[in-house]
1. Using 1/(1 + (r/R0)^6) with R0 = 60 angstrom and r between the beta carbons of ASP330 and ASP227, what's the FRET efficiency to the nearest 0.05?
2. Which order do the peptides 258-269, 376-387, 425-436 come out in when sorted by mean C-beta neighbours inside 10 angstrom, highest first?
3. Starting from the 7 Å offset along Cα-to-Cβ, what nm value, one decimal, do you get for the label separation of ALA443 and ARG180?
4. Tell me the label-point distance for the pair GLU460, SER388, using the 7 Å Cα-to-Cβ offset, in nm and rounded to one decimal.
5. Measuring from label point to label point, each 7 Å out along Cα→Cβ, what is the HIS283 to ALA398 span in nm?
6. What list do you get for LEU129, LEU421 if you sort them by fewest beta carbons within 10 Å?
7. Hey, how many Å between the Cα centroid of the stretch 304-355 and the Cα centroid of the stretch 137-168?
8. Over all Cα pairs of the stretch 389-435, how is the pair count split among 5 Å bins, expressed in % and running from 0 up to the last occupied bin?
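No value in this document is a laboratory result; all are computed from the given coordinates. What you see is a predicted model, and the numbers here were worked out from it, not measured in a lab. Virtual Cβ from ideal backbone geometry, glycine too; neighbours counted across all protein chains shown.
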Amino acid sequence: MPTTPASGSPRIIRRARYSGGGTDGAHPTERPPTPLESGPRMTTTSGSPSRSGPDEPPADGPRRHEPLAVDPADSPGTDTPSAHDASGLCDQAQDLASNGHLSQAAKLYQRAVAANPPPAVQARALLGLAVVEDQRGDLPAARDAARRALATGDARHAPRAAYHLALSLEQEGAWEEAARVWRRLLDLGGPAYTAVAHYGLARDAEARGETDRAETHWEAALDLPADPGALSPLHADTVVEAARDLAGRLLERGRPEAAGAAVERGLAVADVPELRLLRAAAHLEHAIADLGAVVDREPDTDGAARPEPATSGAAVELLAGLLALRGEPDAAERVWRSGLADRAPETAAEVRRRARRGFASAPEEDANGAAEPPWWEPYLEEAAVTSSTPVLAGELFAVVTRMHALLAVPLVEGEARPSALRAVMEQALRTPGGTVWGAGVHADFRRRLHEAMGEDPLPEGWPEHGPLDGS
């Protein structure tokens, strides 16, 4: 029976387990981390997340005529602001938002928009309003503001608005409009947002099953500038996330070499543990393929010899272990059983030796002096072959704990009645009866007693049925 699929090694990595990417055949439910979700919140400028401009305020205090960040309810606010005031209103709104006053910040951004300022300030106000409304949970208002900010075409704020809008639309399931926004972001220029847009379009193409188109966008998303110093934080984060996502998808499709190449491009930007894990997974796929070729090898028609028993045994042990490691115990069991049933006795013996070599037990001598393995070894071997050793260990500990409790209570209570003590001991002896190996331990005791006494004094079915005296 073949132990690996005909098309090569079985696929090892599920992206949901290792990479967190979306699933093939449907739009991804996960999306790249954004400033709205991790790290500083998305702001309307590229400076500090709490306000625009220099990181530190001027030494002589606020500039003349610069509005202070105050609660709009504390000022009249009845006059329509002028276009000149709009920038200051954005500063105040940004400070309020950074301190959690989202409702007041939204009002100030709305006043700035109503002032009809120059396009750059208008775009900043609309983007700030989109972010605040998103944080408040008013997604329709957030998307409307982001669309208006995008429509300004401002070189600084329109790309951010497009990024914010596209991710929000993906989260809502509006895939068609999200794709249109990603394409619009491509037209806005800039290497970082171009990579972001290609990543979004790659995910969209994957969800539609258009793998050729997706490959084009993946390649563009992972494209790095000639000067590594020119890579912005957003661009670097996008490359790393796209590499992680793509590598997971490729591993799912059984393409470890391509997955490894994608991982290397991400690692060229940042040393990320998730990417190293995916690289290890790609190597693991190669190892499974090579080991499967050894295990499944049959004599060639020209009479070429099969692998040596030691080689076959090692390949069986390693392949079964790797299959169990990736969460496929049934496949691992098939590999073990195939090796144990090998038609070459030497190979089967080598496989059995490897399956049992971790056992801490030595053969015992029977009454005739012949070596005989302990009664529990077949159960240990079965556990090793079926990747259920932890289950067996847990079962053993549970039985020991139960027997200990049964025997300890009368000792602690000072029970001296023979009938009560006998009942407790019988109950303790029956404890393993519900396990797979319970019959084995009882049979071993019966055998030892028979060898010592020369006869079998135990009634049929003891100890589960009837006391020792058979009454």
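1. 0.75
2. 258-269, 376-387, 425-436
3. 7.4 nm
4. If labels sit at GLU460 and SER388, their model points lie 2.9 nm apart.
5. Result for the modelled spin labels: 3.8 nm.
6. LEU421, LEU129
7. Here the two parts' Cα centres lie 58 Å apart.
8. The distribution over the stretch 389-435 is 5, 21, 27, 19, 13, 9, 4, 2, 0, given as percents.
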